[in-house]
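Each remark here refers to the structure printed beneath this line.
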Amino acid sequence: MTQRLTWVDAIKGFLMILVVIGHYPGEMDHPILTYIYWFHMPAFFLLSGLFFRPVSKNQAIGKSIKKRMLQLMIPYVFFVSLITILRYILAFATGNDSLDYYLNDFYSIVIGGRFARGCYAVIWFITTLVTVYVLFMLMTHYLKRWLQITVLISFYILAQLESHYVIDIVGGAADAASQAIFVPWNLDVALMAIVYFAIGYYARDLLKHIPLALYVISLGIVLWAMRAVWIGALDYHVSMKFIHYNHPVLDIVIPIACIIVLLGTFQFITKFIRLRVLEVVERHSLIIMYAHISFDKIFNNFFDYGIVGYTLVSFIPSILISWLFMRFIPYASFFTGNLRADRPAYFKKRLFIV
């Protein structure tokens with residue numbers, strides 16, 4: 001159990017580093033961001049499925065759904081509200097008194113998903129994950145396995161059709177094209193995300209102990225795909241946030257192959273050493289996720305830096321703020337999703353009790 005948790009924490013920390021790098025706003029001379037986007041967000045959904053526990057038939061499913069929603073949405077509302085208040089105070093203090101600006105900006109934050117940009121670029125993941133959890137809880141509770149698979153295939157086909165509409169019919173830049181489909185909170189991205197989640201759940205025994213043969217095959221696929229993109233023989237991109245899935249077959253093969261290589265590598269390494277730096281990143285990952293873009297925007301006003309400087313100014317202040325927050329802010333544990341922690345009186349109402 002200890003070893004399993006060690007590699008899981010290390011992988012989550014590594015993936016959070018990739019999330020930060022993936023938001024680098026500058027230009028890069030190599031396709032590393034393309035490679036990262038192949039698998040880093042699918043990996044988060046797959047890992048969530050890997051440790052998913054279905055609600056047993058004799059349990060009330062409503063209570064389990066409510067618990068998961070509160071665990072994810074209380075931090076979401078808290079940190080999005082905090083960032084928004086600080087942004088608006090700073091904007092007003094620097095002379096921005098346009099009511100239209102605040103109304104339009106607030107509207108984009110409320111509908112979230114791909115419509116929320118800048119400091120809120122990451123929030124789509126939480127609302128999509130909540131949707132995936134709810135759907136998968138209902139499916140595994142009420143449907144037989146063959147019906148679950150049928151529903152998942154249907155979801156995957158719908159996701160591919162939606163992406164086809166965005167890429168080939170609307171066309172243009174992925175971020176703008178995806179906004180042609182108005183679905184708040186990126187709830188429609190759950191159609192694709194739940195497939196990765198389900199693979200993590202159904203193949204959990206295999207994925208927790210990657211066989212060497214599977215690792216070698218997956219590594220071969222990853223190296224082939226990387227080389228093909230590098231030399232221009234393959235044009236393959238993934239952006240879950242912007243509904244950009246490029247190929248019905250490769251959208252499963254390449255992300256899953258990348259994730260298998262990732263899991264196998266970390267499972268092997270952590271047999272011999274603990275990757276404590278990555279474990280530290282994982283412990284602070286919630287605030288890193290919400291805060292790193294904001295810190296880049298602040299420091300970018302005063303300094304010019306490349307990918308290394310960007311990574312440092314994104315991580316170091318975020319980890320410091322996370323440590324200070326958890327140590328000194330009242331009810332910090334509750335506002336980061338621990339429903340058993342002490343909470344403010346308002347949150348002792350029945351609505352917030354599981």
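Does region 183-194 contain at least one residue that is touching a helix residue (DSSP H, G or I) at 6+ places or on another chain (Cβ under 9 Å) and either without any contact (Cβ under 8 Å) to a residue 24 or more places away in the chain or not in a helix (DSSP H, G or I) (or both)?
Yes, region 183-194 contains at least one residue that is touching a helix residue (DSSP H, G or I) at 6+ places or on another chain (Cβ under 9 Å) and either without any contact (Cβ under 8 Å) to a residue 24 or more places away in the chain or not in a helix (DSSP H, G or I) (or both).
Determine whether region 294-304 contains at least one residue that is part of a loop (DSSP other than H, G, I, E, B) and modelled with pLDDT of 95 or more.
The answer is no; no qualifying residue exists.
So is Gly95 loosely packed, with under 14 Cβ neighbours inside 10 Å and not in a helix (DSSP H, G or I) or not?
yes
Can you name the condition, by its number, that Ile149 falls short on among (1) within 23 Å of Leu46 (Cα to Cα); (2) in contact with a strand residue (DSSP E or B) (Cβ under 9 Å, 6 or more places away or on another chain); (3) not small (Gly, Ala, Ser)?
Every listed condition holds for Ile149 apart from (2).
Consider Tyr346 against the criteria (1) within 30 Å of Gly62 (Cβ to Cβ); (2) among the hydroxyl-bearing types (Ser, Thr, Tyr); (3) buried (at least 16 other Cβ atoms within 10 Å of the Cβ): it satisfies all of them except one. Which criterion is unmet?
Failing condition for Tyr346: (3).
Hey, among Asp105, Asp97, which residue is charged (D, E, K, R) and closer than 19 Å to Trp185 by Cα?
Asp105
Give the number of residues within region 301-337 that are in contact (Cβ under 8 Å) with a residue 40 or more places away in the chain and over 22 Å from the mean Cα position of the chain (by Cα).
1
When only residues in region 147-160 that are among the hydrophobic types (A, V, I, L, M, F, W, C) and surrounded by 12 or more Cβ atoms within 10 Å (Cβ to Cβ) count, which is nearest to Ile243 (Cα to Cα)?
Only one residue tops the list, namely Ala159.
What residue, of Val55, Val8, Val19, is part of a helix (DSSP H, G or I) and in contact with a His (Cβ under 9 Å, 6 or more places away or on another chain)?
Within the list Val55, Val8, Val19, the selection yields Val19.
Among Val238, Val229, Val261, which is in contact with a Phe, Trp or Tyr (Cβ under 8 Å, 6 or more places away or on another chain), over 25 Å from Asp175 (Cα atoms) and among the β-branched types (Val, Ile, Thr)?
That would be Val261, the only listed residue that is in contact with a Phe, Trp or Tyr (Cβ under 8 Å, 6 or more places away or on another chain), over 25 Å from Asp175 (Cα atoms) and among the β-branched types (Val, Ile, Thr).
State which residue pairs qualify: first residue under 13 Å from Phe125 (Cα atoms) and inside region 40-57, second residue at pLDDT below 95 and small (Gly, Ala, Ser) in any location, beta carbons under 8 Å apart, and separation of 6 or more residues or different chains.
As it stands, the answer is His40/Gly22, since those pairs meet every condition given.
Hey, among the residues in region 21-49 that are of a type in the set (A, V, I, L, M) and surrounded by fewer than 23 Cβ atoms within 10 Å (Cβ to Cβ), which one's farthest from the chain's Cα centre (by Cα)?
Step by step, filter region 21-49, then rank; the result is Met28.
Just to check your reading of the model, which residue among Ala159, Ala174 is of a type in the set (A, V, I, L, M), closer than 20 Å to Gly112 by Cβ and at pLDDT below 95?
Ala174
The values are calculated or read from the model by the stated rules, or taken from the named source; none is laboratory data. Note that the structure is predicted; figures quoted are calculated from it, not measured. Cβ: placed from backbone, ideal geometry, glycine included. Neighbour counts: every protein chain shown.
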